[in-house]
Amino acid sequence: MGATHAACMAELGFEVLGLDVDQQKIDMLERGELPIHEPGLEEMLQRNLKSGRLRFTTSYEEAAKFGDVHFICVGTPQKKGEYAADVSYLDAVVESLAPHLDRECLVVGKSTVPVGTAERLADKLVRLAPAGMQVELAWNPEFLREGFAVKDTLQPDRIVLGVASERAEKVLRDVYTPLGDIPIVVTDFPTAELVKTAANAFLATKISFINAMAEVCEAAHADVKLLSLALSYDDRIGGRYLNPGLGFGGGCLPKDIRAFMARAGELGADQALTFLREVDAINMRRRARMVDLARGLVGESFANRTVAVLGAAFKPNSDDIRDSPALDVAVTIGQEGGMVTIYDPVALDNARRAHPGLGYATSALDAAQDADVVLLLTEWDEFVQLDPEALGSVVSTRNIVDGRNALDAETWRSAGWHYRALGRP
Ligand code: UGA
């Protein structure tokens, strides 16, 4: 998120200095290379490095001297063995930056945080900064999706400014003026923090809603893809985040709904969010259902069965494998004795590092060599466009489970495939 924000701010014409404590990351960025896969971002990074508007450093002292506005874009992962979010990276930034802040400036948090964090950090900032009250905090949550980070940053649906003063509001309005006519909602700190958490909770709920319908469709021999299509024509419902399948993963939705429940509990409002427990449970049941469908196609168990897994990233156009439903399914099948071979266009190296015990291939056809069943778990375009005949010529048996409802069932069935999908007959 930080590299995206830095490059986009430079693209808008600002002088930008990007800071990370990881020297290796900074070296890469200075060479114009991205540590992550994000379409369109590398070109933008290189363009702005060349123009001199964008530079990088590992020095807080340099950053403090340089900036009038400091954006904090660090992660807030789930704590090990708990639902709560780990906000220690945010505290570390404030503790490292503040002692160098000796003149008026604005520090702006963009991370997804438990409500109440901004208030606490604002106090800490003023306490640690030599410039005291001249240093101010604002909260400006980020809504970007991986894979669409540049577009979501330069053309956001809305901008939320959690501010404690008119001065902070003005600074941030000026920063975002080059974006043009974007709705801006000005709030206090807790509301700004909650908008972000509520947005992700809503998206997760919408996905789990359609996946709950998929469960009912499976029991009733109905077709959830058509159900979703029919619902989508109702403007009040809409079709986005209504794609039934393997459910949500990644570094945001799963941990954000859990952190939200944990924080609501601390605030004595846990009852309000007990439904998110169901949202989480429905989501996880899809993975188990996927494994069951695949097992059903190869016999009693996965022992001595060859399974091709198409997709390792948590979604297409990303190399992120954090809480990836695809890898979760692959790992489970491996544990049940299946011989799993995975292919993903960009997330292969990350997957191999995380799960060295599984098999990997460098193309879909290689992965499917002699497979007893093929599982489509991340709907990359190149998988959607696969030729059923070409794939059919390398597998042992023409069995496919479409975990993302991304393929045309008829095309595959007429090519002699035994086609199964989540939520469809
Ligand atoms: C999500 C939000 O969409 C962003 O608005 C937010 O800023 C971001 O989290 C964040 O908190 O930083 P992201 O995690 O990049 O963005 O991914 P999404 O595109 O929202 O997809 C999340 C998961 O839901 C993926 O695993 C995807 O496959 C799944 N999904 C999405 C479905 O299963 N069905 C759908 O209809 C849509």
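Okay, here's what the table says:
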| item | result |
| --- | --- |
| Hey, Phe275 over 18 Å from Thr362 (Cα atoms), away from the ligand (no atom under 16 Å from the Cβ), among the aromatic types (Phe, Trp, Tyr) and not in a loop (DSSP other than H, G, I, E, B) or not | yes |
| Residue count, the range 194-233 (criterion: more than 10 Å from the ligand (Cβ to nearest atom) and either over 30 Å from Pro77 (Cβ atoms) or touching a helix residue (DSSP H, G or I) at 6+ places or on another chain (Cβ under 6 Å) (or both)) | 22 |
| Output for the range 374-396, where each listed residue is without any contact (Cβ under 8 Å) to a residue 60 or more places away in the chain and over 12 Å from Ala364 (Cα atoms) | Glu389, Ser393 |
| Number of the condition not met by Asp86 [criteria: (1) in contact with a strand residue (DSSP E or B) (Cβ under 8 Å, 6 or more places away or on another chain); (2) more than 16 Å from the ligand (Cβ to nearest atom)] | (2) |
| Qualifying residue in the range 308-331 (condition: modelled with pLDDT of 95 or more, more than 24 Å from the chain's Cα centre (by Cα) and not in a loop (DSSP other than H, G, I, E, B)) | yes |
| Close pairs from the range 286-303: first hydroxyl-bearing (Ser, Thr, Tyr), partner part of a helix (DSSP H, G or I), Cβ under 9 Å, at least 6 apart | Ser301/Arg295 |
| The range 340-354 residues that are closer than 18 Å to Val373 by Cβ and among the aromatic types (Phe, Trp, Tyr), paired with ones that are part of a helix (DSSP H, G or I) and at pLDDT 95 or above (beta carbon under 8 Å, 6 or more apart) | Tyr343/Ala364; Tyr343/Asp366; Tyr343/Ala367 |
| Residue within the range 263-284 that is at pLDDT 95 or above, surrounded by 12 or more Cβ atoms within 10 Å (Cβ to Cβ), under 30 Å from Glu104 (Cα atoms) and basic (Lys, Arg) present | no |
| Checking Gln24 against (1) closer than 22 Å to Thr153 by Cβ; (2) polar (S, T, N, Q); (3) touching a Pro at 6+ places or on another chain (Cβ under 9 Å); (4) part of a helix (DSSP H, G or I), the condition it does not meet | (1) |
| Where a residue in the range 203-228 is within 19 Å of Arg277 (Cβ to Cβ) and assigned to a helix (DSSP H, G or I) and its partner, wherever it lies, is among the hydroxyl-bearing types (Ser, Thr, Tyr) and within 10 Å of the ligand (Cβ to nearest atom), with Cβ under 7 Å and at least six apart | Leu203/Tyr241; Lys206/Tyr241; Ile207/Tyr241; Ile210/Ser228 |
| Within the range 234-244, considering residues that are surrounded by fewer than 21 Cβ atoms within 10 Å (Cβ to Cβ) and more than 17 Å from the chain's Cα centre (by Cα), the one nearest to the ligand (Cβ to nearest atom) | Gly239 |
| Members of the range 245-262 found to be more than 6 Å from the ligand (Cβ to nearest atom) and either without any contact (Cβ under 8 Å) to a residue 40 or more places away in the chain or in a loop (DSSP other than H, G, I, E, B) (or both), listed by number | Leu246, Gly251 |
| Qualifying residues in the range 151-187 (those that are in a helix (DSSP H, G or I) and within 21 Å of Phe202 (Cβ to Cβ)) - the one farthest from the ligand (Cβ to nearest atom) | Lys151 |
| Conditions (1) in contact with a helix residue (DSSP H, G or I) (Cβ under 8 Å, 6 or more places away or on another chain); (2) at pLDDT below 95: number failed by Gly109 | (2) |
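Condition check ((1) within 18 Å of Arg295 (Cβ to Cβ); (2) modelled with pLDDT of 95 or more; (3) within 15 Å of the ligand (Cβ to nearest atom); (4) assigned to a loop (DSSP other than H, G, I, E, B)) across all residues:
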| residue | (1), (2), (3), (4) |
| --- | --- |
| Ala371 | yes, yes, no, yes |
| Glu389 | no, yes, no, no |
| Thr397 | yes, yes, no, yes |
| Ile400 | yes, yes, no, no |
| Leu407 | no, yes, no, yes |
| Glu410 | no, yes, no, no |
| Arg413 | no, yes, no, no |
| Pro425 | no, no, no, yes |
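The values are calculated or read from the model by the stated rules, or taken from the named source; none is laboratory data. What you are looking at is a predicted structure, and each value in this text was computed from that prediction instead of being measured. Positions of Cβ are generated from backbone atoms using ideal geometry, with glycine treated the same way; all protein chains shown enter the neighbour counts.
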